[in-house]
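*Asks:* Structure incoming, see below.
The values are calculated or read from the model by the stated rules, or taken from the named source; none is laboratory data. Just so it is clear, the structure is predicted and the values come from calculations on it, not from any experiment. Methodologically, a virtual Cβ is constructed for each residue, glycine included, from the backbone with ideal geometry; neighbour enumeration extends over all protein chains shown. The area values use the complete protein model at the heavy-atom level, side chains included, leaving out ligands, DNA and RNA. Shrake-Rupley method; radii C 1.70, N 1.55, O 1.52, S 1.80 Å.
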Amino acid sequence: MATFFGEVVVAPSRAGVDDEEWAEEAREETPEDREIRRELEKKREIDVLWTLKSGASLESSADQPLVCSKFIVAIGHNAAAFLSSFILDSVCWEVVGVVKLWNEWCRTSNTTNVLPTDSFCLFYRLISDPTVLLCQCSCYVAEDQQFQWLEKVFGCMQKEGLQVTILSTCPVADYKTQESTLTLPAPFLKALKTKEFKEQICCPLLEQPNIVRDLPAAVLSYCQVWQIPAVLYQCYTDGIKLDTVTIEAFKPLLSCEILNSLVKDVSESTKILKKLLTTNEIHNNIYI
């Protein structure tokens, strides 16, 4: 419509907006709504509990951060199982922390006795060199919880002299290429690194326009902002569950400098891998 002075004024219109959307926009938040929202936000808070071997709490603060030279993060069941099979053991490593979180997809507790199929996030420390930390994160960290995870985990660490290695998996269908994904030799590894990471990588770099998502992307972005040398090794796979082929796709990384010194006996690793998969099969069996 137009005013008497010729100025064009857009009249308010509800065209294209249904009654439910209009009512939702018009409704004001009640005290009960605010209380529910606060309770939900509180429930979605992430707790990082650092513990000593004796079980006593280790209160790390910004004044006394953990000294860490290497931080290896395995995100997802297959990446976590790779570390369990080829790196971790109860003799050389000790559990020093756990993440408690809750969201629509998973719920973790402060227990350290977990199955390969459980959702968990545990931190380990190399006994012979306490500056080497390792994280197995098989639980889903929601988008609104990722910043909390980063702040509470990296906030406890001394960033000077820190180097981060991230392992994760991704569906091969997400890989963008001119070729058909059906002809790709899945599983395969691709790497993405921060500018500060100068060491040789163990697989080809991820090509544009491919991107990474979720917690792996959040960790790498955090390291880029804080100028921490970091590399992400992402395994593109056509499997959606714990499987030998995907786990062994990470094996070329054992020759990398950061993992090479941590590799345990290969024959023992094969036995542990078989045990993990057997436990997984038993846990997933359904009898009708």
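*Asks:* For L184, indicate whether it is open to solvent by less than 50 Å² (accessible area, probe 1.4 Å), closer than 19 Å to F82 by Cα and either in contact with a helix residue (DSSP H, G or I) (Cβ under 8 Å, 6 or more places away or on another chain) or at pLDDT below 95 (or both).
*Replies:* On the way: open to solvent by less than 50 Å² (accessible area, probe 1.4 Å): yes; closer than 19 Å to F82 by Cα: no; either in contact with a helix residue (DSSP H, G or I) (Cβ under 8 Å, 6 or more places away or on another chain) or at pLDDT below 95 (or both): yes.
Against the criterion (open to solvent by less than 50 Å² (accessible area, probe 1.4 Å), closer than 19 Å to F82 by Cα and either in contact with a helix residue (DSSP H, G or I) (Cβ under 8 Å, 6 or more places away or on another chain) or at pLDDT below 95 (or both)), L184 does not qualify.
*Asks:* Something else: Failed condition for V141, given (1) farther than 17 Å from Y222 by Cα; (2) assigned to a loop (DSSP other than H, G, I, E, B), with all others met?
*Replies:* (1)
*Asks:* Does any residue in segment 219-248 that is under 17 Å from Q146 (Cβ atoms) and open to solvent by 10 Å² or more (accessible area, probe 1.4 Å) come within less than 6 Å, Cβ to Cβ, of a residue that is of a type outside the set (V, I, T) and part of a helix (DSSP H, G or I) six or more places away or on a different chain, and which pairs are these?
*Replies:* Partner pairs satisfying both residue conditions: Y222/L150.
*Asks:* Could you please give the count of residues in segment 142-185 that are among the hydroxyl-bearing types (S, T, Y) and touching a strand residue (DSSP E or B) at 6+ places or on another chain (Cβ under 8 Å)? Quick ask: steps written out before the conclusion?
*Replies:* Of the residues in segment 142-185, the ones among the hydroxyl-bearing types (S, T, Y) are 165, 168-169, 175, 177, 180-181, 183.
Now restrict to residues that are touching a strand residue (DSSP E or B) at 6+ places or on another chain (Cβ under 8 Å): 165, 168-169, 175.
Going through segment 142-185 one residue at a time, the tally reaches 4.
*Asks:* What are the residue pairs meeting all of these: first residue in segment 85-107, first residue among the charged types (D, E, K, R), second residue in a strand (DSSP E or B) and surrounded by fewer than 17 Cβ atoms within 10 Å (Cβ to Cβ), Cβ atoms under 8 Å, and 6 or more apart or on different chains?
*Replies:* Every condition considered, the pairs that remain are K100/D47; K100/L49.
*Asks:* Let me ask you something else. What pairs come out if I take residues in segment 190-205 that are acidic (D, E) and pair them with residues that are part of a loop (DSSP other than H, G, I, E, B) whose C-beta lies under 6 Å away, six or more apart or interchain?
*Replies:* E196/Q227; E196/P229
*Asks:* How about segment 190-214: which of its residues are outside any loop (DSSP other than H, G, I, E, B) and of a type in the set (D, E, K, R)? Reasoning before the result, please.
*Replies:* Here is the first cut: in segment 190-214, the ones outside any loop (DSSP other than H, G, I, E, B) are 190-193, 205, 214.
Result: K190, K193, D214.
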